[in-house]
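Presented below is the structure to which this report refers.
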Amino acid sequence: SSSVEISCRGTSNVTTDFDDFINNVRTKIVNKTAGFRYYTTDLTLGREHHNCRIHIDSATAKVVTVPDLKLFGFDCEIIQSGVGQVTVGTATNVKSFAGLKTAGQYATARLAGSKRTEYILSGQTAV
């Protein structure tokens with residue numbers, strides 16, 4: 001791990017972990033980029049996630065809740081960036097050929113609204 005020394009006026013020098021600093025800046029920039037969202041926690045989808053690429057980066061399993069958005073044609077891509085598996089919705093409102101969980105790290109899944117209250121999850125999914 002690299003570190004950088006920051007000199008502050010009127011105080012002694014402060015050492016900060018450079019990797020943590022870069023990751024913090026990256027998260028702030030990425031979350032503000034249109035069409036791209038980065039999360040490390042559970043997530044409830046909203047209208048702001050329509051036409052977005054959503055990265056879930058966690059070492060533990062996470063859940064993406066899919067509420068009744070009443071948004072015909074809703075579409076987003078969910079990417080499991082970390083090792084924690086991502087569960088998308090419930091069998092009540094999300095249908096899938098293979099399953100409602102991402103298949104593994106770097107798996108991608110597409111969530112598409114097929115009706116106003118029903119969604120289809122496709123891509124690299126598992127039971």
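The values are calculated or read from the model by the stated rules, or taken from the named source; none is laboratory data. Keep in mind that this is a model prediction, so the values were computed, not measured. Don't worry about glycine lacking a Cβ; one is built from the backbone with ideal geometry, like all the others, and counts go over all protein chains shown. Accessible surface areas use protein heavy atoms only, side chains included; no ligands, DNA or RNA. Shrake-Rupley method; radii C 1.70, N 1.55, O 1.52, S 1.80 Å.
Below are the figures for this structure:
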read-out	value
Qualifying position, being of a type in the set (F, W, Y) and farther than 12 Å from T125 by Cβ, among F97, F72	F72
Residue within the stretch 39-46 that is open to solvent by less than 80 Å² (accessible area, probe 1.4 Å), among the charged types (D, E, K, R) and within 14 Å of V86 (Cα to Cα) present	no
Among the candidates H55, H50, residue that is within 17 Å of F36 (Cβ to Cβ) and open to solvent by 40 Å² or more (accessible area, probe 1.4 Å)	H50
Selected residue (only one of A112, A98 is open to solvent by less than 80 Å² (accessible area, probe 1.4 Å) and outside any loop (DSSP other than H, G, I, E, B))	A112
Neighbours by Cβ (under 7 Å, 6+ apart or cross-chain): first from the stretch 73-85, under 11 Å from G104 (Cβ atoms); second open to solvent by 10 Å² or more (accessible area, probe 1.4 Å) and among the acidic types (D, E)	G82/D57
V83 vs. criteria open to solvent by 40 Å² or more (accessible area, probe 1.4 Å), at pLDDT 95 or above, not acidic (D, E) and not in a strand (DSSP E or B)	yes
Qualifying positions in the stretch 86-95 - part of a strand (DSSP E or B), open to solvent by 20 Å² or more (accessible area, probe 1.4 Å) and modelled with pLDDT under 95	K95
Number of the exception - G123 against (1) over 18 Å from T40 (Cα atoms); (2) open to solvent by 80 Å² or more (accessible area, probe 1.4 Å)	(2)
Matching residues in the stretch 40-58 - criterion: being more than 14 Å from F74 (Cβ to Cβ) and either part of a loop (DSSP other than H, G, I, E, B) or at pLDDT below 95 (or both)	T40, T41, D42, D57, S58
